[in-house]
Amino acid sequence: MSYIDEVIEQVVSQNPNEPEFHQAVKEVLESIRVVVDQNEAQFRRDALLERLCNPERQIKFRVPWIDDKGQVHVNTGYRVQFNSAIGPYKGGLRLHPSVNLGIIKFLGFEQIFKNSLTGLPIGGGKGGSDFDPKGKSDREVMAFCQSFMSELCKYIGANTDVPAGDIGTGAREIGYMYGQYKKLRGLFEGVLTGKGISYGGSLARTEATGYGLLYLTEEMLKCHGVDIKGKTVTVSGAGNVAIYAIEKAEQMGARPVTCSDSTGWVYDPDGIDVAALKEIKEVKRERLTEYKKYRPKSEYHEGRGVWTVKSDIALPCATQNELDIEDAKMLVANGVLAVCEGANMPTTAEATKYLQDNGVYFVPGKAANAGGVATSALEMSQDSERLSWTFERVDNELKGIMVRLYHNIDEAAKKYGFEGNYVVGANIAGFEKVVDAMNAQGIV
Ligand code: NDP
């Protein structure tokens, strides 16, 4: 049995009931097979893949908090510090009822390669809790965030581990967590990113993941002789990534026509009204059913369905495994040119293969959505310097990072004979840098 197959088997048997983690490990290891085969004896001797697939540290803790009626609730908190070979652990905190250790491990594992691809010195980590901020009062969210940070603060720091936002963790949650960290540790330092502008946040961080997704998509299409201007775009999600992907797509002259949340989706043939979407989701925190009040000609549908809409570019920006084989078939039948992942692993393995086999340009999340964490690293730089850069400076840096990232994964794919396969390109380019650092630092 090949070394890669042995390690995959080990990961599956040693981490039972963690299907998303297995999926992420398989995807990465399968696509770096060509590199591993060339170095099999050395990698095997050094147990390199075993070390890569085992987190350096996993922290799991109790998070008790009191609701507005005086009832005590207990959630579970996690922080997986996966790999610090190239820098302090960096990765978001997800607050969603579906969170469990396997989900956090899949995200932390992906984060290693994503962070490596940014070209910046950040290692991979991820955390979160099964707490659901939806439907909770501000006071309840604060109670949860303070309790969560009371424990987490023992393990993080500006030079060791720097968490950020993710699903369910936006500016409000980061603010409450930061306040608690400062109170308990007595340190005003860049321990979290995605902070408010008034206390050490970076301009353009809010926009970064969605904007970065479009910078990369535009560059990739340009290299294939396609102008993004005038193209129809389908987007899923209606959160941070989706909103700013839609905004940038419109600024580039494309026409994003859909968005979705966990209950339904919107089709607006004239193009999504970003101002209305921001008001519904960022200000009022309402459901997408409200969108029709702003745009009477739009359609609202319950359930899933974004991928049935004909488009040139599809941008899944909600959550993992939200685009399956049936969706992929529909997209191909409707002539989609490109699928670029704004979310983490939104496309199932089967759907990814189908899209690639049918000539669709497919860019995985670890490359396409890396603009968020890259800008988080720029926020860390500003915090260290105790300076704040202008929006234009951060946005220009972000654009440069995404354009370089695209060429980096494109060249890695070509170098190993997989031209146009950006899954292989991203995994190999991300892997090579991490392995180089791990080898240099010995068996630790
Ligand atoms: P948000 O919480 O802001 O938004 C998530 C959106 O996806 C919401 O519209 C939500 O709908 C929908 N959604 C979440 N879970 C599900 C589900 N199980 N089924 C259907 N819809 C769902 O999160 P973000 O926009 O920050 O994150 C979206 C994705 O992008 C995630 O995969 C995240 O890991 C990834 N990502 C985020 C980055 C960032 O900077 N924010 C950086 C890189 C990746 P509802 O509100 O109804 O739950």
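Each peptide in 427-435, 270-278 gets a packing score, the mean of other Cβ atoms within 10 Å over its residues, and the list from highest to lowest is 427-435, 270-278.
Relative protection proxy for 373-380, 24-31, from highest mean packing down: 373-380, 24-31 (other beta-carbon atoms within 10 angstrom). Out of every Cα-Cα pair that the range 93-188 contains, those further apart than 15 angstrom amount to 62 percent.
Among the trypsin sites (Lys or Arg not before Pro) in the range 164-231, those placed in a DSSP loop whose Cβ has at most 16 other Cβ atoms within 10 Å are 229.
Here the mean projected area of the convex hull built on the C-alpha positions of the range 314-444 is 10.3 nm².
Each peptide in 5-18, 45-58, 109-122, 401-414 was scored by the mean count of other Cβ atoms within 10 Å over its residues; highest first, the order is 109-122, 401-414, 45-58, 5-18. Label separation (residue 324 vs residue 349): 1.6 nm, computed from points 7 Å beyond Cα along the C-beta direction. Among the chymotrypsin sites (Phe, Trp or Tyr not before Pro) within the range 169-239, those in coil by DSSP and having at most 16 neighbouring Cβ atoms inside 10 Å are 188.
In this structure, the amide hydrogen of residue 169, modeled 1.01 Å from its nitrogen in the peptide plane, lies closer than 5 angstrom to those of 95, counting only residues at least 5 positions away or on a different chain. Using the alpha-carbon positions of the range 207-363, Rg (one decimal) and Dmax (whole number) come out as 14.2, 42 Å. Taking each residue as 0.36 nm, the span from residue 39 to residue 223 lengthens on full extension beyond its C-alpha to C-alpha distance by 63.0 nm. Taking only protein heavy atoms and a 1.4 Å probe, the accessible area of the chain is 50% carbon and sulfur. Shape analysis of the range 4-116 yields a ratio of the Cα radius of gyration to the Kirkwood radius, Rg/Rh, of 1.07. Evaluated with a Cβ-only charge set (Lys, Arg +1; Asp, Glu -1), the chain carries a dipole of roughly 1040 debye about its Cα centre, given to the nearest 20.
Here the range 3-188 is treated with +1 on each Lys and Arg Cβ and -1 on each Asp and Glu Cβ, and its dipole about the Cα centre works out to around 840 debye. Counting only DSSP H runs of at least 4 residues, each contributing -39500 (n - 2.57), and dividing by the residue count of the chain, the helix-based mean residue ellipticity at 222 nm comes to -14500 deg cm²/dmol.
What you get for the range 212-357, charging only the Cβ of Lys and Arg (+1) and of Asp and Glu (-1), is a dipole of about 320 debye around the Cα centre.
Database remark: amide H of residue 202 closer than 5 angstrom to the amide H of 194, 195 (H placed geometrically; neighbours at sequence offset of 5 or more, or on other chains; Pro and chain starts carry no H). As a length-normalised measure over Cα pairs under 8 Å and 6 or more apart, the relative contact order of the range 3-188 settles at 21 percent. Extending 7 Å from the Cα toward the beta-carbon at both residue 14 and residue 71 defines two label points whose distance is 4.1 nm. Considering only beta bridges that DSSP places wholly inside the range 3-188, some 65 percent are antiparallel. Working from label points 7 Å from Cα in the Cα-to-Cβ sense, the residue 439 to residue 30 distance is 2.7 nm. Considering only alpha-carbon pairs that sit under 8 angstrom and 6 or more positions apart, the relative contact order computed for the chain is 15 percent.
Under Stokes-Einstein, with the Kirkwood radius over Cα pairs as Rh, the value for the chain at 37 °C and 0.692 mPa s is 149 µm²/s. Sites listed here are GluC sites (Glu not before Pro) in the range 196-301 whose DSSP assignment is loop and whose Cβ has at most 14 other Cβ atoms within 10 Å: 286. Roughly speaking, what is the centre-to-centre gap between the range 1-78 and the range 274-352 when only Cα atoms are used, to the nearest Å? Here the two parts' Cα centres lie 29 Å apart.
The values are calculated or read from the model by the stated rules, or taken from the named source; none is laboratory data. What you are looking at is a predicted structure, and each value in this text was computed from that prediction instead of being measured. FYI the Cβ positions are ideal-geometry reconstructions off the backbone, even for glycines, and counts take in every protein chain you see. Accessible surface areas use protein heavy atoms only, side chains included; no ligands, DNA or RNA. Shrake-Rupley method; radii C 1.70, N 1.55, O 1.52, S 1.80 Å.
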